[in-house]
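In what follows, a single structure is set out as C-alpha cells and then discussed.
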Amino acid sequence: MEQQGLRMTETKPGPSLFKRNPPIAGEAEAIESAKSGDAEAFSKLYALHKRRVYTLCLRMLGNVSEAEDMTQEAFLHLFRKIGSFRGESAFSTWLHRLTVNLVLMHLRKKGLNLVSLEETINPSEDDAPKRDFGSRDPQLAGSVDRVALERAVASLPPGYRMVFILHDVEGFEHNEIATMLECSTGNSKSQLHKARLKLRELLRQPEQSIQQAGLKEAAQ
C-alpha cells in the first residue's frame with residue numbers, strides 16, 4: 001500500500017492509494033490506429049480502460065446502472081473525440097477528464113447539487129489538527145484496507161464524495177474542481193476537509209457499520 005496519501009494524478013508524479021497502472025504496452029499504437037478509424041484498435045482501448053472508467057463512474061455516481069450507462073457514453077464520446085488527443089498528457093488522464101466532465105453534465109441534467117452551499121473553511125476545535133486543507137492527509141495516508149476505504153468513500157454524502165474523488169483520487173487541483181463544480185475554491189477545500197474527517201470516522205467503525213452507512217446513502 002502506498003504511503004503518499006490518496007492522490008492519484010498523472011500530471012504530477014507521486015504514488016497513490018488508488019494507484020493507476022503504468023503505461024500499457026501497445027496502447028500508443030492502438031491510439032494512433034483508432035484515430036484512423038481502426039475499429040479493432042478502438043476495441044483494444046476499450047478493453048484496456050473500461051474497468052477504470054467504470055470504477056470512476058461508479059465512485060462518482062454511487063449507482064451501478066448509471067455507472068454502466070455512463071461508461072458506455074464515455075466510450076461513445078471517446079470514439080467521436082479521439083482524433084483530438086494530442087498526447088500532451090497521459091491517455092488515461094485525458095480519458096478520465098473526459099469521463100468526469102460527462103458525469104458532471106449528467107448530474108446537472110438531473111438537477112442535483114454537486115456540492116454544499118456552505119462556504120466556511122474554518123474547522124471547529126473538534127476538527128483538529130489545523131492544517132492546509134489542500135495538503136495530503138497523514139491520517140489517511142497509511143496502510144488502510146483498500147476494500148474498507150472504497151466502501152467508506154461510497155458511503156460519503158454526494159458533495160463530500162465528489163470533491164474527494166476529484167481531488168484525492170483523480171488529482172485535480174482545487175481551482176479546477178471549483179470550475180467543474182461551479183463553486184469557490186474555498187468551498188472545494190472545505191468539502192475535502194470534511195470528507196476526510198468523515199472517512200476517518202467511518203474507517204474507525206466496524207465494517208458492518210460502514211456497509212449500513214453506504215446502503216443508507218444509496219437509498220437517499
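The values are calculated or read from the model by the stated rules, or taken from the named source; none is laboratory data. Computed from a prediction, not measured in an experiment: that's the story for all the values here. Neighbour counts are summed over all protein chains in view; Cβ atoms, including those assigned to glycine, are modelled from backbone coordinates with ideal geometry.
Look at the range 91-110: where a residue is without any contact (Cβ under 8 Å) to a residue 40 or more places away in the chain and in a helix (DSSP H, G or I) and a partner is among the small types (Gly, Ala, Ser) and buried (at least 16 other Cβ atoms within 10 Å of the Cβ), sitting 6+ places away or on another chain with Cβ atoms under 7 Å, you get Leu98/Ala74; Leu102/Ala74. Here Thr9 meets each of (1) among the polar types (S, T, N, Q); (2) at pLDDT 90 or above; (3) under 14 Å from the mean Cα position of the chain (by Cα) with one exception, condition (2). Just one residue in the set Gly87, Gly62, Gly14 is more than 30 Å from Gly159 (Cβ to Cβ) and modelled with pLDDT under 95; that residue is Gly87. For the range 104-114, the condition holds for at least one residue, the condition being that it is surrounded by 15 or more Cβ atoms within 10 Å (Cβ to Cβ), modelled with pLDDT under 85 and under 28 Å from Glu68 (Cβ atoms).
Given the criterion closer than 18 Å to Glu201 by Cβ and surrounded by 22 or more Cβ atoms within 10 Å (Cβ to Cβ), identify the matching residue among Leu149, Leu156. From the options Leu149, Leu156, the qualifying one is Leu156.
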